[in-house]
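Notes for the one structure printed next.
The values are calculated or read from the model by the stated rules, or taken from the named source; none is laboratory data. Just so we're clear, the structure is a prediction, and the values are computed from it rather than from any experiment. Ideal geometry is used to build each Cβ from the backbone, glycine not excepted, and the neighbour counts take in all protein chains shown. Just so you know, the surface numbers come from the protein's heavy atoms only, side chains and all, with ligands and any DNA or RNA stripped out. Shrake-Rupley method; radii C 1.70, N 1.55, O 1.52, S 1.80 Å.
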Amino acid sequence: MALMTGDQYVESMRKLNLQVYMFGKKVENVVDDPILRPSLNSVKATYDLAQQPEYEDLMTATSSLTGEKINRFAHIHQNTQDLIKKVKMQRLCGQKTAACFQRCVGMDAFNAVYSTTYEIDEKYGTCYHDNFKKFLQYVQEKDLTVDGAMTDPKGDRSLAPHAQADPDLYLRVVEKREDGIVVRGAKAHQTGFINSHEVIVMPTIAMGEDDKDYAVSFAVPTDAKGILLIVGRQSCDTRKLEGSEIDVGNSEFGGMEALVIFDDVFVPNDRIFMNGEYEYAGVLVERFAGYHRQSYGGCKVGVGDVLIGAAAVAADYNGVQRASHVKDKLIEMTHLNETLYCCGIACSAEGTPTKSGNYLIDLLLANVCKQNVTRFPYEIARLAEDIAGGLMVTAPSEKDLKDPFLGKYVDKYFKGVNGVSTENRLRIMRLIENLTLGTAAVGYRTESMHGAGSPQAQRIMIARQGNLAMKKKLAKAIAKIED
């Protein structure tokens with residue numbers, strides 16, 4: 001099959017029977033729901049961009065399995081250039097949507113599972129790697145969107161999975177059959193599940209022998225029997241129900257998260273990629289986290305580009321674009337944003353091949369990248385809010401602007417520089433609000449903190465991979481100290 005168009009993707013999602021709940025009610029039409037549709041549009045953009053010749057080099061790749069042209073979001077990285085193009089593609093998608101476009105987590109799961117299954121098979125003689133390659137070839141040929149599900153609810157975080165008072169707080173195998181397994185549990189904060197055809201499930205932490213039932217990885221359709229989703233709330237989400245384009249800020253694109261419940265879901269044998277090999281749970285987690293932390297050096301930078309541009313436009317509309325402190329703030333925002341991009345490119349350029357042949361980023365630099373992402377977008381957002389001014393959070397509604405009686409007052413007293421309409425000034429303010437405080441904050445500001453693991457998770461990896469012993473030897477050599 002050729003690459004899907006964006007419209008074909010949307011129609012393919014209509015054919016799914018997803019069990020989605022929001023505000024205490026089942027969503028009967030997931031595709032056209034006004035709150036959910038912007039997140040679907042963000043994924044649709046990844047298909048639309050792949051159809052445009054000017055973006056072909058970034059958005060598509062040649063499959064290592066079939067030799068056919070595929071969407072890069074379904075690609076197994078073959079070299080450092082693939083890793084670099086991944087980051088550049090993510091920046092492009094962030095620039096075009098100013099939102100979370102949701103396919104990164106599946107792409108990162110592909111590459112982590114690919115190398116991990118190879119090494120499990122090498123040790124145990126299992127067939128997980130072949131299972132995964134067949135699944136991936138199916139995904140590539142159909143041009144599907146796949147979610148990656150790693151984060152469990154976790155319950156009492158001081159206890160291992162098997163020691164929880166409720167054993168389902170980490171997803172686990174509850175039954176083994178000749179033809180497959182049955183799993184139960186949940187995956188939290190699932191970005192993009194609602195807009196995906198399939199999901200790859202992975203363990204969320206390193207595990208011991210007592211946690212064997214929790215050391216499981218597999219793929220199932222997102223509408224498989226026993227899967228249901230409870231959509232998470234976002235700030236200002238019900239503005240999308242009001243019919244106002246201006247007040248939403250980014251009316252076309254968005255992101256959406258959900259709690260995904262696996263209520264005794266059956267997984268056939270040929271869709272299983274790990275089943276009890278607990279010592280490889282940590283390997284899979286570490287590799288997936290590394291790939292996903294690399295991703296933030298692209299996607300968050302692209303959204304940052306939009307926010308910096310919005311702040312500069314706000315400065316123009318406020319008439320302060322020549323003020324030295326405003327110029328300096330825009331420079332600082334650019335500096336921080338490009339530093340994140342540097343980290344994403346650096347960990348890609350320093351990538352190395354795994355035993356399976358695909359390329360892994362430099363894990364230390366990937367964790368440094370994400371550690372910076374937990375900080376810099378917050379400062380970029382703060383500076384954008386500073387430049388925008390108080391109107392960003394006190395502006396009246398679009399209905400007030402267009403009201404026959406109130407409109408003349410809103411237009412008169414919220415006008416900025418001559419030549420710029422009050423409507424346009426309000427539009428840029430609402431975009432900044434959306435990116436820093438509203439529904440897109442989940443895909444930019446707040447998600448920068450917790451996505452791909454908490455800040456402490458990166459610091460643990462940095463400590464583990466920082467190689468202090470080698471650095472001590474360097475210092476001793478220079479100081480001529482002999483132990």
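The figures follow:
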| quantity | calculated |
| --- | --- |
| Summed side-chain charge close to G438 - residues other than G438 whose Cβ falls under 15 Å, Lys, Arg +1, Asp, Glu -1 | -4 |
| Solvent exposure of the range 298-442 as accessible area per residue, Å², 1.4 Å probe | 42 |
| Dimensionless Rg ratio for the range 305-458, taking C-alpha atoms and the 2.2 N^0.38 Å reference | 1.32 |
| Rounded to 10°, Cα long-axis angle of helix 363-373 versus longest principal axis of the chain | 30 |
| Calculated FRET value between K134 and K412, using beta carbons and R₀ = 60 Å, to 0.05 | 0.35 |
| K134, K85, ranked by accessible area, largest first (probe 1.4 Å) | K134, K85 |
| Within the chain, helix-based [θ] at 222 nm, where runs of 4 or more DSSP H residues each add -39,500 (n - 2.57), nearest 500 | -15500 deg cm²/dmol |
| Angle between the chain longest axis and helix 422-436 axis [Cα atoms, degrees, rounded to 10] | 30 |
| Gyration tensor verdict on the range 260-386 (Cα atoms; rounded if a/c is under 1.5, prolate if a/b is larger than b/c, oblate otherwise) | prolate |
| Order of exposure, largest accessible area first, which applies to D210, D108, D166 with probe 1.4 Å | D210, D166, D108 |
| Beta bridges per DSSP with both ends in the chain, % antiparallel, nearest 5 | 85 |
| Average projected area [Cα convex hull, the chain], square nanometres | 27.1 |
| Within-14-Å neighbourhood charge of R459 [Cβ basis; K, R +1; D, E -1] | +4 |
| Whether the range 1-41 is rounded, prolate or oblate, judged on the alpha carbon gyration tensor where a/c under 1.5 counts as rounded | prolate |
| Dipole in debye (nearest 20) - the chain, about Cα centre, beta carbon charges: Lys, Arg +1; Asp, Glu -1 | 1260 |
| Ranked order, I205, I35 - accessible area, probe 1.4 Å, largest first | I205, I35 |
| Segment M470-A160, extension gain: residue separation times 0.36 nm, minus the distance between their alpha carbons | 108.3 nm |
| Accessible surface of the chain, 1.4 Å probe, proportion on carbon and sulfur as whole % | 52 |
| V393 paired with D483, simple spin-label distance in nm, labels 7 Å along Cα-to-beta-carbon | 5.3 |
| Pairs from K240/K399; K187/K225; K329/K412 whose Cα-Cα separation, in the structure shown, is over 18 Å | K329/K412 |
| Shape of the range 1-132, Cα gyration tensor, a/c cut at 1.5 | oblate |
| Gain in span if fully extended, C342 to S421, counting 0.36 nm per residue against the direct Cα distance | 24.7 nm |
| L365 - accessible surface, heavy atoms, 1.4 Å probe, Å² rounded to 10 | 60 |
| Cysteines, the chain, no other Cys beta-carbon under 4.7 Å | C93, C100, C104, C127, C236, C299, C342, C347 |
